[in-house]
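Notes follow the structure.
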Amino acid sequence: MNIRLQTTTGSDWIKIHKDKPFTLEELAREYQPEAPYRILLACVNGVDRELTTEIDGDSWIRFYDQRTQSANLAYQRSLSMLYLVAIRDTLGGDAMIDNSLNKGLYTAIKARSRVSKDDVARVEKRMRELVEADLPITKELCTVQDGIDFWEENNCPEKAEMLRQLEDPEGEFRLYELDGYRNYFFGLMVPSTGYLEHFELRRYKTGVLLRFPYYTKPDEVPEYVNDFRLYGAFGEEARWTKLLGTTNLADLNRVILEGRQKDLVLLSEALHEKKISDIADEICKLNRRIVLIAGPSSSGKTTFARRLCIQLRVNGLKPLYMGTDDYFVEREQSPRDENGEYNYENLDALDIDLFNRNMNDLLEGKTVDLPEFDFMEGKKVYGKRITTLQSDQLIVIEGIHALNAELTSQIDDNEKYRIYISPLTQLNIDRHNRVPSTDARMLRRMVRDYKYRGHSAVDTIIDWPKVRDGENRNIFPYNSEADVLFNSVLEYEIPMLKNYVVPLLKEIQPDQPGYSEAVRILKYLEYFQTIDDETIVPNNSIIREFIGGSVFG
């Protein structure tokens with residue numbers, strides 16, 4: 001092939017000079033022995049490309065394994081297609097790919113109210129046969145009208161309607177084919193079934209879990225943990241979407257196109273308020289005096305905590321609201337990360353003994369000098385918050401470690417009520433394509449970072465892997481400790497946030513970091529209609545925490 005390779009200093013980009021065309025997969029084979037994990041995608045001159053792409057010209061190329069978001073999603077999409085083909089071959093049916101669960105995807109096999117162990121074993125066996133055969137996953141470009149015709153002929157009305165709702169009906173539509181099975185998947189795919197070595201099927205409730213490696217360890221399926229609270233939360237969200245009439249993207253778009261978005265907003269907010277009220281009632285019924293709230297970035301923890309405090313007051317209580325940030329150890333005592341920088345997300349960054357002593361003293365009715373942390377000086381300051389807890393008061397605490405038992409290890413468990421909050425989107429683009437919860441959270445964070453922290457969309461995209469790593473260490477392992485899970489997603493939020501994020505993403509240029517991720521997000525946002533009028537959003541909404549105008553400041 002006569003390719004000269006030059007690796008840029010301090011990065012993993014490869015500059016390619018060639019004298020004839022070649023595919024990215026051919027080049028990836030040369031570099032695979034040097035890579036720690038299987039190469040799944042490539043970035044070419046700032047744009048993510050499938051490995052089947054042919055290169056004809058000088059290019060800067062970067063290979064991706066499953067540790068990157070784009071390659072991780074490509075693996076999930078391709079595995080989903082493999083799964084659907086295996087169901088066709090063994091059970092003669094189709095499946096609904098509902099939501100993420102148990103480090104995998106929860107699916108429901110159509111025409112079966114409950115699957116058997118034998119059903120699951122047959123499907124998994126067929127999947128492994130298809131992987132062993134290393135069958136190609138091919139792509140066909142066609143017109144949007146061709147796509148509409150295809151889905152109508154194949155009894156997928158929600159897919160056809162979604163295409164009819166596109167603002168640009170003249171655009172291209174992409175179909176993938178595997179062993180005679182054709183479908184559309186919302187993004188890039190791997191070249192063939194041989195790339196899909198790591199997975200497992202597990203019967204769960206009335207459906208099937210399609211499990212695969214977590215992005216932190218691409219070569220192994222993670223240990224199974226029963227996320228029963230997440231399952232319950234997704235089930236509740238499914239009931240909400242049915243009530244709202246938005247079980248898929250075509251439904252949501254239809255509501256907006258028909259001018260019914262105000263009703264959608266008000267009903268979505270009412271469902272949130274009722275859930276918060278129910279949680280407050282439960283806390284009062286159990287007579288718990290310390291409420292602990294934790295969740296990943298951009299979950300809406302602050303607004304939720306404020307609204308919970310109001311509902312507790314409706315119940316005759318006077319909550320004392322506080323965070324854990326005031327209990328940082330003195331800066332010089334703070335732990336450091338592998339780069340020698342202060343790691344404020346580590347539990348050891350908090351003065352756990354002082355925190356427990358203060359909380360127990362408050363519960364016993366003692367007067368306590370609560371600290372305030374001076375972030376400029378890097379130390380705690382006293383004398384500003386002399387506090388005594390009255391008999392009708394309880395403490396509401398928000399913090400990333402709030403569900404970690406070690407934080408409250410010296411406090412009686414009978415005093416605690418634990419809440420995990422996260423936006424767990426149940427909205428499916430269609431029966432086979434979903435909106436990842438991580439994307440929903442990143443859109444929220446992107447808007448807030450720009451409006452309140454002076455950060456660009458590039459900054460948010462670059463920081464996101466580090467944010468997720470921190471959540472994997474400090475938040476996600478403890479969600480099963482919660483007494484209740486609050487799903488903070490709102491059905492209308494992506495159409496509302498689209499107004500804000502599209503201009504920010506379009507500012508990112510091909511030579512900037514994050515360009516390929518911006519292209520990916522912009523691509524799927526094209527399928528969402530926009531809600532232009534933000535005045536219909538109540539000023540106590542969780543979304544106000546990100547777009548501004550919150551009554552809570």
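The values are calculated or read from the model by the stated rules, or taken from the named source; none is laboratory data. Predicted, not measured: the structure shown is a model, and the values here were computed from it. Methodologically, a virtual Cβ is constructed for each residue, glycine included, from the backbone with ideal geometry; neighbour enumeration extends over all protein chains shown.
Points worth noting:
- Within the set G147, G93, the sole residue that is touching a helix residue (DSSP H, G or I) at 6+ places or on another chain (Cβ under 7 Å), under 27 Å from V47 (Cα atoms) and assigned by TED's automatic domain parsing to the domain that holds G187 turns out to be G147.
- Helices (runs of 4 or more DSSP H) wholly inside segment 486-550 that include at least 3 residues being touching a Phe, Trp or Tyr at 6+ places or on another chain (Cβ under 6 Å): 493-506
- Residue count, segment 499-553 (criterion: touching a residue at least 40 places away in the same chain (Cβ under 8 Å) and within 22 Å of N248 (Cβ to Cβ)): 12
- Condition check for E167: in contact (Cβ under 8 Å) with a residue 60 or more places away in the chain and loosely packed, with under 14 Cβ neighbours inside 10 Å: yes
- Any pair with Cβ under 6 angstrom, 6 or more apart, that starts in segment 375-388 at a residue that is among the charged types (D, E, K, R) and ends at one that is assigned to a strand (DSSP E or B) and surrounded by 11 or more Cβ atoms within 10 Å (Cβ to Cβ): K380/P371; K380/F373; K384/E372; R385/L370
- Residues that are of a type in the set (D, E) and surrounded by 20 or more Cβ atoms within 10 Å (Cβ to Cβ) within segment 233-250 comprise just one, E237.
- Verdict on R203 being in contact with a helix residue (DSSP H, G or I) (Cβ under 6 Å, 6 or more places away or on another chain), basic (K, R), part of a strand (DSSP E or B) and outside the structural domain of R49 (by TED's automatic domain parsing): yes
- Residue count, segment 15-44 (criterion: touching an Asp or Glu at 6+ places or on another chain (Cβ under 9 Å) and either part of a helix (DSSP H, G or I) or farther than 20 Å from P213 by Cβ (or both)): 10
- Sub-9 Å Cβ pairs linking a first residue in segment 435-454 that is among the aromatic types (F, W, Y) to a second residue that is outside any helix (DSSP H, G or I) and surrounded by fewer than 19 Cβ atoms within 10 Å (Cβ to Cβ), at least 6 apart or interchain, are Y450/S456; Y452/G548, ordered by first then second residue.
- Test: residue in segment 469-477 that is closer than 19 Å to F546 by Cα and out of contact with any Lys or Arg (no Cβ under 9 Å at 6 or more places or on another chain): no
- Y224 satisfies every condition listed in (1) of a type in the set (F, W, Y); (2) surrounded by fewer than 18 Cβ atoms within 10 Å (Cβ to Cβ); (3) over 29 Å from R473 (Cβ atoms) except (3).
- Residue selected from segment 530-549 under the condition surrounded by fewer than 19 Cβ atoms within 10 Å (Cβ to Cβ) and small (G, A, S), by the criterion farthest from the chain's Cα centre (by Cα): G549
- Test result for L230, assigned to a helix (DSSP H, G or I), crowded, with 18+ Cβ neighbours inside 10 Å and touching a helix residue (DSSP H, G or I) at 6+ places or on another chain (Cβ under 6 Å): no
- Just so you know, in segment 281-294 the residues that are under 22 Å from Y478 (Cα atoms) and not in a helix (DSSP H, G or I) include one that is nearest to the chain's Cα centre (by Cα), and it is A294.
- For segment 56-88, filtered to residues that are touching a residue at least 40 places away in the same chain (Cβ under 8 Å) and among the acidic types (D, E), the residue that is surrounded by the fewest Cβ atoms within 10 Å (Cβ to Cβ) is D58.
- Restricting attention to segment 90-118, the residues that are charged (D, E, K, R), farther than 19 Å from H198 by Cα, surrounded by 13 or more Cβ atoms within 10 Å (Cβ to Cβ) and in contact (Cβ under 8 Å) with a residue 60 or more places away in the chain add up to 2.
Let's see how each residue does on (1) closer than 21 Å to S78 by Cβ; (2) at pLDDT 90 or above:
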residue	(1), (2)
R88	yes, yes
T107	yes, yes
S113	no, no
A121	no, yes
A133	yes, yes
I137	yes, yes
C142	yes, no
E152	no, yes
V190	yes, yes
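- Residue, modelled with the lowest pLDDT, within segment 364-409, restricted to residues that are touching a Phe, Trp or Tyr at 6+ places or on another chain (Cβ under 7 Å) and of a type in the set (D, E, K, R): K380
- Any chance I461 is in a loop (DSSP other than H, G, I, E, B), in the same structural domain as L308 (by TED's automatic domain parsing) and at pLDDT 90 or above: no
A quick yes/no check of all residues on (1) farther than 25 Å from F528 by Cβ; (2) in a strand (DSSP E or B); (3) assigned by TED's automatic domain parsing to the domain that holds Y321; (4) out of contact with any Pro (no Cβ under 7 Å at 6 or more places or on another chain):
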residue: L243; (1), (2), (3), (4): no, no, yes, yes
residue: I256; (1), (2), (3), (4): no, no, yes, no
residue: D263; (1), (2), (3), (4): no, no, yes, yes
residue: I279; (1), (2), (3), (4): yes, no, yes, yes
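- Filtering segment 193-223 to residues that are under 17 Å from A71 (Cα atoms) and among the basic types (K, R) leaves R211, K217.
- Here L271 does not fit the description of being buried (at least 22 other Cβ atoms within 10 Å of the Cβ) and over 20 Å from N404 (Cβ atoms).
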